[in-house]
1. If you fit an axis through the alpha-carbon atoms of helix 143-159 and take the longest principal axis of the Cα set of the chain, what angle between them do you get, 0 to 90°, nearest 10?
2. Where the centroid of each part is defined by its Cα atoms, how far is segment 62-77 from segment 84-128 in Å?
3. Counting only helical runs of four or more DSSP H residues, what would the 222 nm mean residue ellipticity of the chain come to if each run contributes -39,500 (n - 2.57) and the total is spread over all its residues?
4. Stokes-Einstein D for the chain at 20 °C, 1.002 mPa s, Kirkwood Rh over Cα pairs, in µm²/s?
5. Tell me, what is the percent relative contact order of the chain, built from C-alpha pairs under 8 Å that lie six or more residues apart?
6. Report the gain in length on full extension from residue 172 to residue 145: 0.36 nm times residue separation, minus Cα-Cα distance, nm rounded to one decimal.
7. Sorting check: for 18-26, 42-50, 136-144, which peptide has the highest mean count of neighbouring beta carbons within 10 Å, and how do the rest follow?
8. Could you state the principal axis extents of the C-alpha atoms in segment 1-115, from the largest down, to the nearest angstrom?
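Rule-based calculations on the coordinates, nothing more; no lab input. Computed from a predicted structure; not experimentally measured. Please note: Cβ atoms are built from the backbone with ideal geometry, for glycine as well, and neighbour counts cover all protein chains shown.
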């Protein structure tokens with residue numbers, strides 16, 4: 001089975017899952033290959049664009065905080081991709097029309113995964129929940145197979161004793177955080193159609 005990922009940290013919980021073959025893709029391009037691979041790490045704001053999908057409640061990437069720092073006047077915001085949680089949270093919470101860029105030289109501001117102003121605004125809307133960055137999705141695997149993968153992933157992550165920001169199991173707080181992000185994003189992103197496995 002192929003797993004599309006874009007950051008090394010996403011592979012950590014999969015270290016002991018022997019049935020999965022990682023395939024690195026740019027985060028900006030992941031939406032074009034979701035239906036061509038078995039599993040993929042997808043930024044949360046992209047979920048509504050994918051149609052019917054299954055989301056694994058394991059292996060998700062969360063951030064404990066988020067901050068926006070301005071480098072100079074302007075609207076170009078340095079983010080991992082134009083559909084990243086970083087970009088959408090900045091747009092929603094600051095109510096500014098940011099232009100996403102992945103080019104550091106062009107950026108007027110940047111979003112980082114650290115405690116900061118966006119964290120405080122997030123907590124005002126969603127309470128004391130972690131910020132969901134990416135989840136593992138499948139459009140191809142049957143539910144039974146996806147559940148088998150989920151069990152393998154949980155075992156692997158548990159054996160590695162991983163800490164946040166990667167989850168062995170999303171749990172109630174993770175599920176609430178995911179739902180809150182999707183609700184916040186709905187006016188810009190649309191409504192997601194998924195089952196959480």
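1. 80
2. Taking the Cα centre of segment 84-128 as reference, the centre of segment 62-77 is 5 Å away.
3. -9500 deg cm²/dmol
4. Value of D from the Cα-based Kirkwood radius: 127 µm²/s.
5. 33
6. Extending this stretch completely gives an extra 7.4 nm.
7. By packing density, highest mean first, the sequence is 42-50, 136-144, 18-26.
8. If we take the Cα atoms of segment 1-115, the spans are 48, 27, 25 Å.
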